[in-house]
Amino acid sequence: RQSLSDQLRSIAQGAFADADCFPAGVSPARAMQRYVTCQRISSGHVRHMAGGSALASGRYQVTSWAKKPADAAVLAERLRERLDNGRRGGIGEAGNLWAVNAIFLESDQDTFDTPTDATQEGWHGVIQDVTIWHEESTTPQ
C-alpha cells in the first residue's frame, strides 16, 4: 500500500515520467522541470453524543509546480482526474493506514513563485485543495 505522497508521485509520473512529490516547502535537490508538493492544512473528526464516529476528514493542499505553465496545468488536471471522488481504498503507511471513503477537490488556483535573482527561473503552479474522508480508530466506550 502506498502513502499519500507515493500516490501523488504515481499520478504525477503518469503525466510526466520525471515528476516527483515532496512535502510543501521542500524544493527538489536535483534539477527538475516539474514536481508536486503536498501538505495537510487541517483535520476534522466527526463525533456524536455517544462518542467518536470513526470518521475523519483531512484538508490537504496539493500543488503542481513546473517551469512551463502548461506542464503545471497538465499535472493538476491529472491529479484532478484521479483524485476528485475517484480514489477509494487504503492510503498511508504500515501501522497508520487510512481506509479512504472519498476524496473531493474543493478548489484550485494558479500561482507563480517569483525568482529571487536574475539567475533563476520562476515556477508556475496550480494549487488544489482536496478533502480526504477516511475511517479512523475510536476509543472504546
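The values are calculated or read from the model by the stated rules, or taken from the named source; none is laboratory data. Only a predicted model underlies this, so the values are computations on that prediction, with no experimental measurement involved. Every residue, glycine among them, receives a Cβ derived from its backbone with ideal geometry; neighbour counts consider all protein chains shown. Calculation scope for accessible area: heavy atoms of the full protein, side chains included, ligands and nucleic acids excluded. Shrake-Rupley method; radii C 1.70, N 1.55, O 1.52, S 1.80 Å.
Filter segment 91-110 down to the residues that are more than 17 Å from LEU79 (Cα to Cα) and either of a type in the set (D, E, K, R) or exposed (fewer than 13 other Cβ atoms within 10 Å of the Cβ) (or both), then identify the one that is modelled with the lowest pLDDT. Explain how you work it out, then say what you get.
Initial filter on segment 91-110 (more than 17 Å from LEU79 (Cα to Cα)): 92-99, 101.
Okay, now just the ones that are also either of a type in the set (D, E, K, R) or exposed (fewer than 13 other Cβ atoms within 10 Å of the Cβ) (or both), so 93-96.
Numbers: GLU93: 58, ALA94: 62, GLY95: 63, ASN96: 61.
Taking the candidates together, the pick is GLU93.
Does SER5 satisfy the condition of being modelled with pLDDT under 85, out of contact with any helix residue (DSSP H, G or I) (no Cβ under 9 Å at 6 or more places or on another chain) and part of a helix (DSSP H, G or I)? So that I can check it myself, show each step before the final result.
Numbers: modelled with pLDDT under 85: yes; out of contact with any helix residue (DSSP H, G or I) (no Cβ under 9 Å at 6 or more places or on another chain): yes; part of a helix (DSSP H, G or I): yes.
When the stated conditions are applied, SER5 passes them.
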Original post:
Does GLN7 fit the bill of being polar (S, T, N, Q) and within 21 Å of PHE112 (Cβ to Cβ)?
Top reply: no
Original post:
Mind checking which residues of segment 10-51 are surrounded by 17 or more Cβ atoms within 10 Å (Cβ to Cβ) and not in a loop (DSSP other than H, G, I, E, B)?
Top reply: ILE11, ALA12, ALA15, CYS21, PHE22, ARG34, TYR35, VAL36, THR37, CYS38
Original post:
Which residue pairs have Cβ atoms under 8 Å apart, sit 6 or more places apart or on different chains, and have a first residue in segment 31-55 that is at positive phi and a second that is among the hydroxyl-bearing types (Ser, Thr, Tyr) and assigned to a loop (DSSP other than H, G, I, E, B)?
Top reply: GLY51/THR138; GLY51/THR139; ALA54/SER137; ALA54/THR138
Original post:
Residues of segment 16-54 being among the hydrophobic types (A, V, I, L, M, F, W, C) and at pLDDT 85 or above, which ones?
Top reply: PHE16, ALA17, ALA19, CYS21, PHE22, ALA24, VAL36, CYS38, ILE41
Subject >> Members of segment 52-73 that are more than 19 Å from ASN101 (Cβ to Cβ) and either in a strand (DSSP E or B) or open to solvent by 70 Å² or more (accessible area, probe 1.4 Å) (or both) >> reply: GLN61, THR63, SER64, TRP65, ALA66, LYS68, PRO69
